[in-house]
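Notes follow once the structure below has been shown.
The values are calculated or read from the model by the stated rules, or taken from the named source; none is laboratory data. Keep in mind that this is a model prediction, so the values were computed, not measured. Here the Cβ is made from the backbone with ideal geometry for all residues, glycine too, and neighbour counts use every protein chain on show.
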Amino acid sequence: MKKWLPFPWLSGLLLLLWLVLNQSLAPAQVLLGAVVAVAAPLLTRSLQPLGYPRISRPAAMVRLLSMALREIVRSCFNVGRIILFAKADGLNSQFIRIPLDLQSPFGLALLSCLINSTPGTVWVEILPGTHTLSLHVFDLHDEQWWVDTIKTRYEKPLIDIFDQE
């Protein structure tokens, strides 16, 4: 079974997405959606050299993503206010370094997506030879606050979700 349906959750979500996008439960659409839902993970398996991630705590993932969504909306308003009303000479754009404990490539990829989705921050790189994140902050006032926020709000849940063996 695992050979033909290696990722049943992904296949189920693809079928559901197919049916929603086609707005139909006609037998032909269900059959075509099922074919796509089974074929897509099989055909893209070689693109995932590490396999698909195993999420050990889905509830933690939901909490993390909902918190990140609230943070993104809040940052949109803050950055918009700064751009529209603050004086340019009052901005303090800086690069900061954040030591990371997260090892999972899937966790690091999601951390990068979350940081880059949040207005006012940009993931720059993991510094060579270290496991330190270089982050650009649009208007930095408290570097330690940023370090603590990334470590506690983002990195710790990602370690719980992806780095569990």
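Could you grab the pairs with beta carbons closer than 7 Å, sequence gap of 6+ or different chains, first residue in segment 86-107 and more than 17 Å from residue 64 (Cα to Cα), second one outside any helix (DSSP H, G or I) and hydroxyl-bearing (Ser, Thr, Tyr)?
Short answer, once both residue conditions are applied: 95/134; 97/132; 97/134; 98/132; 99/132; 100/132.
Checking residue 25 against (1) assigned by TED's automatic domain parsing to the domain that holds residue 118; (2) outside any helix (DSSP H, G or I), only one condition comes out false. Which one?
(1)
Give me a count of the residues in segment 77-110 that are closer than 25 Å to residue 125 by Cβ and either out of contact with any Gly (no Cβ under 9 Å at 6 or more places or on another chain) or of a type in the set (Phe, Trp, Tyr) (or both).
Residues meeting the conditions: 20.
When segment 133-148 is examined, which residues are found to be surrounded by 15 or more Cβ atoms within 10 Å (Cβ to Cβ) and either in contact with a His (Cβ under 8 Å, 6 or more places away or on another chain) or among the polar types (S, T, N, Q) (or both)?
Across segment 133-148, the qualifying residue is only 134.
Being small (Gly, Ala, Ser) and in a helix (DSSP H, G or I) is the filter here, so list the residues in segment 78-122 that pass it.
Hits for segment 78-122 are 80, 88, 90, 107, 109, 112, 117.
Of the residues 42, 15, 5, which is modelled with pLDDT of 90 or more and more than 22 Å from residue 158 (Cα to Cα)?
15
If I filter segment 67-76 for residues that are touching a residue at least 60 places away in the same chain (Cβ under 8 Å) and within 13 Å of residue 162 (Cα to Cα), do I get at least one hit?
No, that holds for no residue.
May I ask you to say which residue of 66, 75 is of a type in the set (Ser, Thr, Tyr), part of a helix (DSSP H, G or I) and surrounded by 14 or more Cβ atoms within 10 Å (Cβ to Cβ)?
75
Please give the number of the condition residue 36 fails out of (1) surrounded by 11 or more Cβ atoms within 10 Å (Cβ to Cβ); (2) within 27 Å of residue 160 (Cβ to Cβ); (3) β-branched (Val, Ile, Thr).
Unmet condition: (2).
Where residues in segment 110-135 are modelled with pLDDT under 90 and touching a Pro at 6+ places or on another chain (Cβ under 9 Å), which of them is farthest from residue 156 (Cα to Cα)?
Restricting to residues being modelled with pLDDT under 90 and touching a Pro at 6+ places or on another chain (Cβ under 9 Å), the top hit is 130.
Six or more apart or on different chains, Cβ atoms under 8 Å: show the pairs whose first residue is in segment 133-148 and in the same structural domain as residue 83 (by TED's automatic domain parsing) and in a loop (DSSP other than H, G, I, E, B) and whose second is among the polar types (S, T, N, Q) and surrounded by fewer than 17 Cβ atoms within 10 Å (Cβ to Cβ).
138/93; 139/92; 139/93; 140/92; 140/93; 140/94; 141/92
When you go through 102, 84 one by one, which is the residue that is assigned by TED's automatic domain parsing to the domain that holds residue 66, crowded, with 16+ Cβ neighbours inside 10 Å and of a type in the set (A, V, I, L, M)?
Checking each option against the conditions leaves just 102.
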